[in-house]
Structure formats: C-alpha cells, structure tokens
Amino acid sequence: MTAAAATQDSTLRTLISKVPEVTAFFWIIKVLATTVGETAADYLNTTLNLGLTGTSLIMGALLIAVLIVQFRLKKYVPGVYWLAIVLISVVGTLITDNLTDNFGVSLWTSSAIFAAALAATFTTWYLRERTLSIHSIFTAKREGFYWLAVLFTFALGTATGDLLAEKLQLGYLNSVLLFAGVITVAALAHVYLKLGSILTFWIVYILTRPLGASIGDFLSQAKVDGGLGLGTTVTSLIFLAAILAIVSYLGVTRRDQVALIDPEVNTA
C-alpha cells in the first residue's frame with residue numbers, strides 16, 4: 001500500500017448502522033415480534049389481570065428504558081434492538097386498545113389517526129433528512145424518526161387488523177391470507193415493476209404488523225371465535241422462544257450487521 005493510499009484509508013470513517021440488514025431473518029423476527037405484541041398484551045391484560053391501564057404503564061416504562069439503552073449504543077446490537085421491537089409491538093397494541101376500550105374511539109377513527117400520524121412522520125423525516133432509507137440510520141435524529149415511524153406502524157397495524165378481522169367480521173384466518181397476499185403483491189411489484197426499494201420496504205413493514213396480529217389471534221383465540229384455541233400463554237411462549245433462538249444466532253454470526261462508509265468522506 002502506498003503512503004497516499006494509507007493516508008486515505010486512515011481517514012475513512014466507517015459508520016455502523018443502528019438497525020439490522022434487511023434479510024429473511026429480519027422479516028421472520030418482525031412477524032414473530034408482531035405476533036407476540038398481540039398475544040402478550042392480551043396475556044398481561046387478561047390472564048395476569050393487570051388491567052389495560054396497568055399493563056400500559058408497565059410496558060411503556062420498559063420500552064422507554066430499552067430505547068434509552070438503544071439510543072446510547074454506537075452500533076446495532078441484536079438483543080437490544082429486537083427487545084425494543086417486541087416491546088414497541090406490545091405498546092402499539094395497547095395504544096389502540098386504550099383508545100378503543102377506555103376512550104370509545106372507533107377502529108375506523110384510530111386507523112385514520114395513526115395513518116395520518118405515520119404520514120406526518122414520514123413527511124417530516126424526509127424534509128429534514130432527504131431520505132427514508134433504514135440503511136442511513138446512524139444519527140440520533142434519524143433514529144428518532146425511525147422509532148417514531150415504527151411505533152405508528154404497530155399502532156396502525158393493530159387498528160386495521162382488528163377492524164378487518166372483528167369489526168368487518170373478515171375472520172382471523174382470512175385476514176392472515178389477505179395481508180399475506182398484499183405483501184406478496186408488493187414484493188412482486190418491487191421485482192417485476194421496479195417499485196422503489198424504500199417504498200416497498202415501508203409498505204411491507206406496515207403490513208407485517210396486521211399480518212402478525214392476525215396470526216396471533218388465529219392461534220390464540222378460542223375455536224368458537226375462529227381461532228385454534230392455543231391461548232395467549234402458549235402462543236406467546238412459542239414465538240418468544242423462536243425470537244430468542246434467531247436473535248441469539250444473529251448475535252453470534254453477525255449476519256445482519258451493516259457497515260457504511262461515511263458519505264461526507266471523499267473517497268475519489
């Protein structure tokens with residue numbers, strides 16, 4: 001290596017993304033986490049008799065604590081990141097449930113509110129940062145926009161999932177098939193119609209929330225209500241164990257970590 005090349009190499013700054021690479025593992029854990037978000041909220045609220053308010057306060061405090069750790073980290077750490085996703089999934093469910101059960105807000109209205117909030121988040125994020133790519137999450141500001149968007153996707157997914165499955169009586173299994181079908185269409189549009197990768201990502205990210213919630217309800221709810229009757233305890237434990245296994249694997253192999261070259265450095 002020449003002296004000039006060595007000097008240039010020493011000035012390059014490698015930025016470690018605060019979020020994982022989007023691989024098959026990413027989507028598998030995302031669906032598992034969204035399923036847990038649905039069943040764990042019901043388990044804590046109903047089975048443990050913590051009540052909706054008590055459950056919301058406990059899970060909200062845990063989420064804040066984990067997000068503080070996440071923001072202080074200098075790079076993506078699988079255990080912390082995915083714990084935050086699981087907790088934000090539960091909290092997103094609880095936000096919708098509180099609006100519906102405690103404040104009498106219809107699922108139509110809450111769906112519209114969260115859709116507007118998500119749109120406002122994306123708009124502000126883009127105007128401030130000129131990108132919505134999750135591959136650019138290496139500053140505190142961008143990470144803040146990212147987690148706010150994630151929260152609204154979970155709340156919106158819960159509201160729309162419940163709206164279709166229960167309010168419109170589509171049923172849990174039919175809801176699973178519907179959301180899986182729309183996700184497939186979006187993926188095919190990306191491959192064959194060249195739909196932008198960033199747009200495709202966020203469409204699929206939003207839709208995996210009601211998909212996971214519908215899967216959770218289908219597995220846990222009683223057979224008389226259209227489910228398989230596994231219950232929230234068994235369903236939550238199965239999916240939590242699967243998340244733990246995959247996240248542990250990723251923590252060892254680091255197969256989903258992303259290193260980026262600082263765009264401010266001139267590499268020419």
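The values are calculated or read from the model by the stated rules, or taken from the named source; none is laboratory data. Here the structure is a predicted model, which is why all the values come from computation and not from measurement. Don't worry about glycine lacking a Cβ; one is built from the backbone with ideal geometry, like all the others, and counts go over all protein chains shown. Surface areas here come from the heavy atoms of the whole protein model, side chains and all, with no ligands, DNA or RNA. Shrake-Rupley method; radii C 1.70, N 1.55, O 1.52, S 1.80 Å.
Does Ala213 qualify as being open to solvent by less than 10 Å² (accessible area, probe 1.4 Å) and either in contact with a Ser or Thr (Cβ under 8 Å, 6 or more places away or on another chain) or on the phi > 0 side of the Ramachandran plot (or both)?
Taking the combined requirement at face value, the residue satisfies it.
Pairs please, first residue from the stretch 81-104 and among the β-branched types (Val, Ile, Thr), second anywhere and open to solvent by 30 Å² or more (accessible area, probe 1.4 Å) and part of a helix (DSSP H, G or I), Cβ atoms under 6 Å, 6+ apart in sequence or on different chains.
Final answer for the pair search is Ile88/Leu151.
From the list Ser214, Ser133, which residue is among the hydroxyl-bearing types (Ser, Thr, Tyr), within 18 Å of the chain's Cα centre (by Cα) and over 30 Å from Ser17 (Cα atoms)?
Ser214
Of the residues Ala40, Ala65, only one is in a helix (DSSP H, G or I) and at pLDDT below 90; which?
Ala40
Only one residue in Phe239, Phe218, Phe179 is touching a Pro at 6+ places or on another chain (Cβ under 6 Å) and either part of a helix (DSSP H, G or I) or open to solvent by less than 10 Å² (accessible area, probe 1.4 Å) (or both). Which one?
The unique qualifying residue is Phe179.
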